[in-house]
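Report on the following structure.
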Amino acid sequence: MTNDTTSDASAQALGYLHQVRSALLLAVQRDASSDVLSLEVIDDVTFDGTSAGGAAEVFQHKHSISKIAKLTDKSVDLWKTLRVWAKHIRAKRLDPEQTVFSLVTTASAPSGSAIALLRKNNRNPETARQQIELAGSLSKSVTVKKCFDALGKLKIGERKLLFKNMFLLDGSPDILKSRKLIEHELRYSVDASTKLSGFADRLEGWWFRTAIEHLADKSNLGVQVSQIHFQIRDLLDQFRRDNLPDDLLDAIVPPDQLQSDDDRRFVVELRRISESRNAIRIAQDNHYRAFEQRSKWVRETLLGIAEESAYEDRLIREWANKVALVLDGFEQLSEPEKIALGRRLYEWIQEASS
């Protein structure tokens, strides 16, 4: 979520998008592929490893667009997080002894603050708990007081366990830096650094679609981390040196590419051999997708200009060899025989390219 008190909805939108992107980053970094990832079910991001004998991990994300944001012992963001966790513990949805609680924020905790004692290094959870609870009791904020009351409904033992297993991850990367970290994690997945951005784009595209489906699924079933790792391996197969990703197989072809009065050469030639209107439409579809796909490969430097030229030359040579064999004695044929020969040649093209 975002902690900016602005009416600008873009800050809140960035907070939600950061949460989804951060979930992907956390999943990419995890080795426990049996864990189940959930968004907005128990917490912003949850990893449940209990089915494999592991622990549950919950993450509250606080995203700020301010470069000088601070997280203090009386910060509303801190106390709202504590209230959420306290309510889940009281409702028995979270076991404070078997759960890792992480507050992930782009803000920074001041040196000497109690909340700073919950970082991974130089920890002192019990001192942090006592001082943070004292700060909450002295706060004049109505919101903080409500959150303090919610925390106070836990037994002292439960509060101690909560703080014992609570970690502050302050100064965490914002939404833009998170993308850079995803690319860093994927840097060995592709053959060249020039392909890294395209690889990460496709992984994020798949992940955002998956996240939307997950959020819309009222059954609250999560996403297996192994599913994310499998998607990375599947994309890796597409990005091998001898392969390229197919992005436009299901692309919607613009109407201007399917005109009945199309006078492009390949359409005119198909009419001459009496191909059906449906076959011509399929050819127009294929031409559009092939042209757009090749352009995208070049733009993303997945296909170098030299590689493109070499491939083009190879196609021309193979076509010339085939045509030379097929058209031997062509001029002596009757018009119907020429049309039949043209149709056989076109059928060969379709079979060879399938």
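The values are calculated or read from the model by the stated rules, or taken from the named source; none is laboratory data. Because the structure is a prediction, the values reported are computed rather than measured. Every residue, glycine among them, receives a Cβ derived from its backbone with ideal geometry; neighbour counts consider all protein chains shown. Please note that ligands, DNA and RNA were not included when accessible areas were found on the heavy atoms of the full protein model with its side chains. Shrake-Rupley method; radii C 1.70, N 1.55, O 1.52, S 1.80 Å.
Of everything listed in (1) out of contact with any Lys or Arg (no Cβ under 8 Å at 6 or more places or on another chain); (2) surrounded by 23 or more Cβ atoms within 10 Å (Cβ to Cβ), the single unmet condition for Thr106 is (1).
Applying the criterion of at least 1 residues that are over 22 Å from Gln231 (Cβ atoms) to the strands (runs of 3 or more DSSP E) found wholly in segment 12-92 leaves 56-62. Considering only segment 268-284, I want to know if a residue exists there that is at pLDDT 80 or above, closer than 27 Å to Asp256 by Cβ, exposed (fewer than 12 other Cβ atoms within 10 Å of the Cβ) and among the aliphatic types (A, V, I, L, M). Yes: one or more hits. The residues on offer are Asp201, Asp246, Asp263, and the sole one that is of a type in the set (Asp, Glu), at pLDDT 80 or above and in a loop (DSSP other than H, G, I, E, B) is Asp263. Regarding segment 151-161, can at least one residue be identified that is under 34 Å from the mean Cα position of the chain (by Cα) and open to solvent by less than 30 Å² (accessible area, probe 1.4 Å)? Checked against the condition, which is being under 34 Å from the mean Cα position of the chain (by Cα) and open to solvent by less than 30 Å² (accessible area, probe 1.4 Å), segment 151-161 yields no hits at all.
In segment 114-136, the residue that is least open to solvent (accessible area, probe 1.4 Å) out of those that are out of contact with any strand residue (DSSP E or B) (no Cβ under 7 Å at 6 or more places or on another chain) and either of a type in the set (Lys, Arg) or at pLDDT below 95 (or both) is Arg129.
Looking across segment 78-103, just one residue is open to solvent by 10 Å² or more (accessible area, probe 1.4 Å), among the β-branched types (Val, Ile, Thr) and either touching a His at 6+ places or on another chain (Cβ under 8 Å) or in contact (Cβ under 8 Å) with a residue 60 or more places away in the chain (or both), and that is Val100.
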